[in-house]
C-alpha cells in the first residue's frame with residue numbers, strides 16, 4: 001500500500017482511508033520509501049529519542065558553557081527555581097522550557113543533539129516530549145510513536161517550504177519545530193489527525209514573521225530563549241486544538257504563508273547577524289564588537305583645513321566626512337546594484353592631515369595594503 005504523501009491534505013486522506021494516526025502513516029512511509037523493515041525504522045527513532053533525552057537532561061547534572069560564552073547554566077537555574085515551588089507556569093510548561101533550554105546548551109557547546117528540524121531549534125520537540133512523559137507517565141514506545149508524527153510535520157515543512165533561518169527567519173526554524181511538537185503532543189493526548197495539524201497550523205500562525213538574528217552569528221542567543229518560547233507556543237496550540245477549537249487556515253496554506261513571509265524578510269533578519277537583537281549595543285558589546293551609528297558627510301572635496309571642516313560642521317554636524325561615497329552610491333542605485341562603502345579613518349580633516357600625508361611622506365602603498373587586509377577580513381566575516 002502506498003503511504004507516500006506530499007501535502008497535509010494528502011496525509012489526512014491517508015489517515016482517514018486507513019483509520020490510522022499520523023505517526024503510523026509516517027512510519028509506514030519510511031518503511032516503504034526507505035525499503036527497510038519496521039523494526040529497523042523503530043530502532044532508529046528510538047535511538048533519536050535516547051539522544052534527545054540525554055541532551056535535555058545532561059546540563060541539569062552539569063551546566064555547560066557555550067563555545068561563544070553567551071549561554072550556559074540557564075536550565076539548571078530553571079530547575080532550581082521550580083524546586084523552590086515558585087514556578088508560575090505549572091509542571092508541564094516548567095519542565096518543557098527547562099529541557100528545551102538545556103538542549104541548546106548542549107548544542108552550543110558542540111555536544112550531541114538531534115536536529116529537529118535544525119540545531120538552532122533542537123530543544124522544542126524533546127522539551128515537549130520529555131515534559132509530557134514525566135507528567136503523564138507515558139512510555140518510551142508511545143513517545144517514539146509521537147516522534148513519527150512530529151517527523152511528518154517536519155517533512156512537509158522541508159518539502160513544501162523551508163526550515164532554514166537563512167531563508168525564512170526563525171519562524172521557519174523554531175516555528176516549524178514548535179509545529180512538530182504541537183502535533184506530536186496532540187496525538188499523545190488522544191487527539192485526531194485533524195486536531196494534530198490544526199495545532200501545527202496554529203503554531204505557525206502565532207509565530208509568523210519571527211526573525212532570525214543570532215548575536216555574534218552564533219546559535220546561542222536569542223536562540224535558547226526562543227526554544228523556550230517555542231515549546232510554550234506549542235503547548236498553547238495543542239491545548240486549543242484538543243479543546244475542540246478548529247483552525248480556520250489549513251496547515252498547507254499556513255505553511256505557504258510562512259514561506260512567503262520568510263522570503264519577504266530583509267537579509268538582515270535572516271541569520272546574518274546584521275539586524276534585530278544582533279545589532280543592539282549590548283549584544284555587540286557581549287561579542288567584543290563596538291558599533292556606532294552616526295552621520296557621515298560626503299562630497300567631492302578633500303577636507304584638509306580647519307575652515308572647511310568648521311563650515312561642514314555648521315551645516316550638517318556630521319560625525320565624520322568622506323569623499324565621493326555619495327557619487328558611488330548614486331550610480332549604484334541608478335543601475336539597481338547593491339552598494340556598501342567601507343572606509344578607514346585616516347586623519348582629523350584638518351591641517352594635521354597634510355602633515356601626515358605630505359610632510360612626513362605617508363606611504364600610500366602601505367596604507368592600501370593594510371586597508372585591503374582589513375576590508376578582506378570584514379567581508380570574510382560576513
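Would it be correct to say that residue 336 is over 30 Å from residue 6 (Cβ atoms) and either part of a loop (DSSP other than H, G, I, E, B) or without any contact (Cβ under 8 Å) to a residue 40 or more places away in the chain (or both)? Please lay out each step first, then the result.
Values: over 30 Å from residue 6 (Cβ atoms): yes; either part of a loop (DSSP other than H, G, I, E, B) or without any contact (Cβ under 8 Å) to a residue 40 or more places away in the chain (or both): yes.
Answer is yes for this residue.
Here is a yes/no grid of residues against (1) in the same structural domain as residue 70 (by TED's automatic domain parsing); (2) within 24 Å of residue 179 (Cα to Cα):
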position: 260; (1), (2): yes, yes
position: 264; (1), (2): yes, yes
position: 268; (1), (2): yes, no
position: 271; (1), (2): yes, yes
position: 275; (1), (2): yes, no
position: 287; (1), (2): no, no
Quickly run through region 230-247 and pick out the residues that are touching a helix residue (DSSP H, G or I) at 6+ places or on another chain (Cβ under 9 Å) and without any contact (Cβ under 8 Å) to a residue 60 or more places away in the chain.
233, 236, 237, 238, 239, 240, 241, 242, 244, 245, 246, 247
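Can you name the residue in region 162-186 that is surrounded by fewer than 24 Cβ atoms within 10 Å (Cβ to Cβ) and out of contact with any strand residue (DSSP E or B) (no Cβ under 9 Å at 6 or more places or on another chain) and, of all such residues, is farthest from residue 226 (Cα to Cα)?
162
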Just to be sure I understand, how many residues within region 304-324 are surrounded by 15 or more Cβ atoms within 10 Å (Cβ to Cβ) and at pLDDT below 85?
1
Could you check region 1-20 and list, in sequence order, the residues that are over 28 Å from the mean Cα position of the chain (by Cα) and either more than 21 Å from residue 158 (Cα to Cα) or in a helix (DSSP H, G or I) (or both)?
1, 10, 12, 13, 14, 15, 16, 17, 18, 19, 20
Of all helices (runs of 4 or more DSSP H) completely enclosed by region 163-262, which ones contain at least 1 residues that are more than 30 Å from residue 282 (Cα to Cα) and over 15 Å from the mean Cα position of the chain (by Cα)?
170-188, 193-206, 223-242
Does residue 99 count as in the same structural domain as residue 15 (by TED's automatic domain parsing), surrounded by 24 or more Cβ atoms within 10 Å (Cβ to Cβ) and either under 23 Å from the mean Cα position of the chain (by Cα) or under 28 Å from residue 190 (Cβ atoms) (or both)?
yes
Looking at (1) part of a loop (DSSP other than H, G, I, E, B); (2) over 25 Å from residue 213 (Cβ atoms), find the lone condition where residue 311 falls short.
(1)
I'd like to know if region 72-87 contains one or more residues that are crowded, with 17+ Cβ neighbours inside 10 Å, over 30 Å from residue 5 (Cβ atoms), within 24 Å of the chain's Cα centre (by Cα) and touching a residue at least 60 places away in the same chain (Cβ under 8 Å).
yes
Could you look through region 326-358, keep only residues that are in contact with a strand residue (DSSP E or B) (Cβ under 9 Å, 6 or more places away or on another chain) and modelled with pLDDT under 80, and pick out the one that is nearest to residue 374 (Cα to Cα)?
343
Only one of 94, 173, 105, 187 that is more than 28 Å from residue 244 (Cα to Cα) and assigned by TED's automatic domain parsing to the domain that holds residue 25:
105
Given the criteria within 15 Å of residue 257 (Cα to Cα) and buried (at least 23 other Cβ atoms within 10 Å of the Cβ), does residue 203 qualify?
yes
Could you tell me whether residue 118 is within 17 Å of residue 227 (Cα to Cα), surrounded by fewer than 24 Cβ atoms within 10 Å (Cβ to Cβ), assigned by TED's automatic domain parsing to the domain that holds residue 237 and touching a residue at least 12 places away in the same chain (Cβ under 8 Å)?
yes
Region 25-68, residues that are without any contact (Cβ under 8 Å) to a residue 60 or more places away in the chain and within 23 Å of residue 218 (Cβ to Cβ):
54, 58, 59, 60, 62, 63, 64, 65
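The values are calculated or read from the model by the stated rules, or taken from the named source; none is laboratory data. As the structure is a prediction and not an experimental result, all values here were calculated from the model. Backbone-built Cβ (ideal geometry, glycine too); neighbour counts: all protein chains shown.
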